[in-house]
Amino acid sequence: MTNEDVMKISQEVLAQTYGRFPVVLIKGQGCRLWDVEGKEYLDFVAGIGVCNLGHCHPKVVQAIREQAGKLLHVSNLYHIEPQVQLAQLLVKHSFADRVFFCNSGTEANEAAIKLARKYSHDHFGPGRYEIISLLKSFHGRTLGALAATGQERFHKGFEPMMPGFKFVPQGDLAATAAAASNSTCAILVEPIQAEGGVNLPQENYLQGLRRICEEKKLLLIFDEVQVGMGRTGKLFAYEHYGVPPDIMTMAKGLAGGVPIGAMLAREEVAKSFTPGTHAATFGGNPLSTAAGVAALRATIEDGILENCQRSSAHFFKKLEGLKRKYPFIKEVRGKGLMIGLELDRQGKDVVMDCLKRGFLINCTNETVLRFIPPLVVTPEEIDRLVQALDEIFSTWS
Ligand SMILES: Cc1ncc(COP(=O)(O)O)c(C=O)c1O
């Protein structure tokens, strides 16, 4: 089959929810991908922050192979060995005491929203259900997580939105304190906004949110679906700021490419989820959690965070060089290997041009080129992309 053949069928039989690039990827290894016609690409998208260990990491592949031959699925009516092992690792390496597993980021946020409401109901009685979220945030596409997402363009046509969310600008502590009422139970933020354009928290902002939560007895929820699992150079982004949350959501990179989601919480909060209050058939199933154990161990033990930090420093240096050369680059920002390069114009043509040259990159918020390569990316691979960007930008001036 050719790219054309597959794309034709795709257009006929799939729901047309994605604006897809004209390429069919069939094989991956490390930072490299190949399409159905054998063309090679360097990947700076990593499944949008999923393939943090690179494609087909040998330890993840081996864990999947072994588990697939043993047991694929049993119900959560029974105890599941790799599920327990993954939870134990997450608890050991985070602020959390307990873990609930599901299948995606949006589902993890649904669990967080439900737990925040239930905790508040248990401790303060009914009527305290509102969650303060941020403008430009992204929390997922199911109706609860969508309602929590502070970007109207995602709501359009799906109204009415589920009630119970208020939006304030990132960095505005006064607006956040003012938005907290007798009906508020939690504040939900991405420590670093990803889809909203790679927006870092302002100095002392997360500490300020923690203070508001303490004063008003609110829960602090961090959505680390995209920035967790080493993406920013630490296992979790909140570690950069010294502010642990009460609840945290994860997904994407947690199982090295196998679908999974997780909601982590402190003991006192997690206690509000009692038998029968929440569930997911596939949540924490043997296959996904066996992959998760392998992925998390590799992230912690195999120098992945250190490589992320080293490659990040190199990447920033190179992109800053481009910024000095081209005045239409407004800013280079980010943390670890989540890096945004903001242009003073639309970025989609650059993405297309990169694709033709054999590089996958992404553009978010129209003008922000986003680079989220596997955390195993090397300086040489980064140099190849920066060279391509330089060639593309040089035709603009
Ligand atoms: C911060 C954040 N939260 C939630 C989600 C939703 O995750 P999923 O697509 O797995 O439902 C995303 C997806 O991009 C995300 O970036």
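The values are calculated or read from the model by the stated rules, or taken from the named source; none is laboratory data. Predicted model only: the values in this text are computed from it and were never measured. Note that we place each Cβ from the backbone using ideal geometry, even for glycine, and neighbour counts take in every protein chain shown. The protein model used for the area step is the full one, side chains on, heavy atoms only, and it has no ligands, DNA or RNA in it. Shrake-Rupley method; radii C 1.70, N 1.55, O 1.52, S 1.80 Å.
So, in region 242-292, of the ones that are among the β-branched types (Val, Ile, Thr) and open to solvent by 10 Å² or more (accessible area, probe 1.4 Å), which residue ends up farthest from the ligand (Cβ to nearest atom)?
Kept after step one, since they are among the β-branched types (Val, Ile, Thr), are these residues of region 242-292: 243, 247, 249, 258, 260, 269, 274, 277, 281, 289.
Those still in the list that are open to solvent by 10 Å² or more (accessible area, probe 1.4 Å) too: 258, 274, 277, 281.
Working: Val258: 12, Thr274: 25, Thr277: 21, Thr281: 16 Å.
Here the residue is Thr274.
Report the residue count in region 52-82 for those that are farther than 20 Å from Pro286 by Cα and either part of a loop (DSSP other than H, G, I, E, B) or in contact with an Asp or Glu (Cβ under 6 Å, 6 or more places away or on another chain) (or both). Steps first, answer last, please.
Filtering region 52-82 for residues farther than 20 Å from Pro286 by Cα gives 52-55.
So of that shortlist, the ones also either part of a loop (DSSP other than H, G, I, E, B) or in contact with an Asp or Glu (Cβ under 6 Å, 6 or more places away or on another chain) (or both) come out as 52-54.
Residues meeting the conditions: 3.
Would you check which residues across region 83-115 are in a loop (DSSP other than H, G, I, E, B), within 16 Å of the ligand (Cβ to nearest atom) and open to solvent by less than 40 Å² (accessible area, probe 1.4 Å) and list them? Talk me through it step by step, then tell me what you get.
So in region 83-115, the residues in a loop (DSSP other than H, G, I, E, B) come out as 93-97, 103-104.
Pick out the ones that are also within 16 Å of the ligand (Cβ to nearest atom) and you get 103-104.
Ser104 - this is the single residue of region 83-115 that is in a loop (DSSP other than H, G, I, E, B), within 16 Å of the ligand (Cβ to nearest atom) and open to solvent by less than 40 Å² (accessible area, probe 1.4 Å).
Only residues that are closer than 24 Å to Lys114 by Cβ, open to solvent by 20 Å² or more (accessible area, probe 1.4 Å) and either within 11 Å of the chain's Cα centre (by Cα) or in contact (Cβ under 8 Å) with a residue 60 or more places away in the chain (or both): list them for region 171-224, please.
Once the filter is applied, which keeps residues that are closer than 24 Å to Lys114 by Cβ, open to solvent by 20 Å² or more (accessible area, probe 1.4 Å) and either within 11 Å of the chain's Cα centre (by Cα) or in contact (Cβ under 8 Å) with a residue 60 or more places away in the chain (or both), region 171-224 yields Glu195, Lys217.
Within the set of pairs 6+ apart or on separate chains, which have a first residue in region 44-62 that is touching a residue at least 40 places away in the same chain (Cβ under 8 Å), a second that is acidic (Asp, Glu) and within 12 Å of the ligand (Cβ to nearest atom), and C-beta atoms under 9 Å apart?
Ile48/Glu195
Would you say Leu296 is in a helix (DSSP H, G or I), in contact with a strand residue (DSSP E or B) (Cβ under 6 Å, 6 or more places away or on another chain) and either within 20 Å of Pro373 (Cβ to Cβ) or open to solvent by 10 Å² or more (accessible area, probe 1.4 Å) (or both)?
Answer is no for this residue.
Filter region 358-388 for residues that are more than 26 Å from His57 (Cβ to Cβ) and over 25 Å from the mean Cα position of the chain (by Cα) and give the result.
Across region 358-388, the qualifying residue is only Gln387.
Output yes when any residue across region 325-340 is in contact (Cβ under 8 Å) with a residue 12 or more places away in the chain, open to solvent by less than 10 Å² (accessible area, probe 1.4 Å), farther than 30 Å from Arg98 by Cβ and within 16 Å of the ligand (Cβ to nearest atom), and no when none is.
Scanning region 325-340 turns up at least one residue that is in contact (Cβ under 8 Å) with a residue 12 or more places away in the chain, open to solvent by less than 10 Å² (accessible area, probe 1.4 Å), farther than 30 Å from Arg98 by Cβ and within 16 Å of the ligand (Cβ to nearest atom).
Which of the residues spanning region 362-388 are assigned to a loop (DSSP other than H, G, I, E, B), open to solvent by 10 Å² or more (accessible area, probe 1.4 Å) and among the β-branched types (Val, Ile, Thr)?
Taking region 362-388 as the starting set, the residues that turn out to be assigned to a loop (DSSP other than H, G, I, E, B) are 365-367, 372-378.
From what's left, open to solvent by 10 Å² or more (accessible area, probe 1.4 Å): 365-367, 376, 378.
Thr367, Val376, Thr378 - these are the residues of region 362-388 that are assigned to a loop (DSSP other than H, G, I, E, B), open to solvent by 10 Å² or more (accessible area, probe 1.4 Å) and among the β-branched types (Val, Ile, Thr).
Only one residue in Phe167, Phe158 is within 16 Å of the ligand (Cβ to nearest atom), part of a loop (DSSP other than H, G, I, E, B) and farther than 23 Å from Gly49 by Cβ, so which one is that? Can you show your working first?
Numbers: Phe167 fails: part of a loop (DSSP other than H, G, I, E, B).
Going through Phe167, Phe158 in turn, just one is within 16 Å of the ligand (Cβ to nearest atom), part of a loop (DSSP other than H, G, I, E, B) and farther than 23 Å from Gly49 by Cβ: Phe158.
So Val332 ticks every box in (1) closer than 30 Å to Lys114 by Cβ; (2) not in a helix (DSSP H, G or I) but one. Which box is left unticked?
Against the list (1) closer than 30 Å to Lys114 by Cβ; (2) not in a helix (DSSP H, G or I), Val332 comes up short only on (1).
Starting from region 126-150, keep only residues that are of a type in the set (Phe, Trp, Tyr), then list their pairs with residues that are near the ligand (Cβ under 8 Å from one of its atoms) whose Cβ atoms are within a distance under 6 Å, requiring at least 6 positions of separation or different chains.
Phe138/Glu195
Residues that are in a helix (DSSP H, G or I) and β-branched (Val, Ile, Thr): does region 350-358 have at least one?
Start the filter on region 350-358 by keeping residues that are in a helix (DSSP H, G or I), which leaves 350-356.
Keeping just the survivors that are β-branched (Val, Ile, Thr) gives 350-351.
Among the residues of region 350-358, at least one is in a helix (DSSP H, G or I) and β-branched (Val, Ile, Thr), which makes the answer yes.
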